[in-house]
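Take a look at the structure below.
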Amino acid sequence: MSEITVDLAGKPVREVNRLLHDPLNGVTTVNVLNPDGAHNIAVGVNEAVKVEIHGNAGYYAGGMNKFADIVIHGSAGTGVGENMMSGSIRVKGFASNAAGASAHGGLLVIEGDAGLRCAVSLKGGDIVVDGNVGSFSAFMAQAGRLVVCGDAGDALGDSLYEAVLYVKGKIKSLGADAQEEPMTEADFTGVAELLAKAGLKHDPKSFKRIASARSLYHWNADADQEY
């Protein structure tokens, strides 16, 4: 096991990203100090390496992640885990808008709250939020799962496709074509597995299942735009 440390104080983010994109030759952990909200930290990582970001990260931290396990010891700006393919990202604090946008795979864990449009256009990844999510979360989510252990804002799951949402707290309103459905044993098992991976202790039986009513899949000329 080998660790290295990169101090971003007075250095461009490009240096840490170049390091992570080059062969790591046995390095298993990269510590990033003094991120100070810098954007695009640890984007496009293709190696199975642990990246510890000690502080707050800016926009698109961990974007396009593949294989890496990234931990942000602070909060994250817009688009954390955007277009993630695999691996994991854990945000110890708050995540701003569009967390996990278009994620195809992997696991994003947010220990605090998430802002607007969490899981927007989700394409197959799993997202677990220990706190609340903002309005229009899972907008046009196509595949994957979103687990919300707190409350959800307005228009949850608007224009939802085949992604499935699980919410423990209150839902301010559901978006177009989203509906609550009965939880099945498979849902209880899936939520329990995701909570265990996230290291969170909640009762899977306390969650509600939200999925698509599938009425928007095909154009209906008789609907007169009334959906």
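Only the coordinates and a few stated rules stand behind these numbers; no lab work does. Here the structure is a predicted model, which is why all the values come from computation and not from measurement. Virtual Cβ from ideal backbone geometry, glycine too; neighbours counted across all protein chains shown.
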Sites removed, the longest contiguous part of the chain containing no DSSP-loop GluC sites (Glu not before Pro) with at most 15 other Cβ within 10 Å is 1-161
With DSSP loop assignment and no more than 16 other C-beta atoms within 10 Å, the chymotrypsin sites (Phe, Trp or Tyr not before Pro) in the range 19-101 are Phe67
The Cα extents of the range 1-93 along the principal axes, largest first and rounded to whole Å, are 31, 30, 21
Note on the chain: contact order normalised by length, alpha-carbon pairs under 8 Å, 6 or more apart, percent, works out to 10 percent
Bounding extents of the range 97-216 in its principal axis frame from Cα atoms, largest first in Å, are 34, 29, 26
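Normalized C-alpha radius of gyration of the chain, against 2.2 N^0.38 Å? The partial results should precede the final answer.
Details: Rg = 18.1 Å, N = 227, 2.2 N^0.38 = 17.3 Å.
For the chain, the normalised Cα radius of gyration comes out at 1.05.
Rounded to a whole number, what is D in µm²/s for the range 92-139 from Stokes-Einstein with the Kirkwood radius over alpha-carbon pairs (37 °C, 0.692 mPa s)? Each step should come with its number before you reach the end.
Details: Rh = 10.1 Å.
Using the Kirkwood radius from Cα pairs, D works out to 326 µm²/s.
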Bridge orientation stat for the chain from DSSP, antiparallel percent rounded to 5, came to 15 percent
Per principal axis, largest first, the Cα atoms of the range 59-108 extend in Å by 21, 18, 13
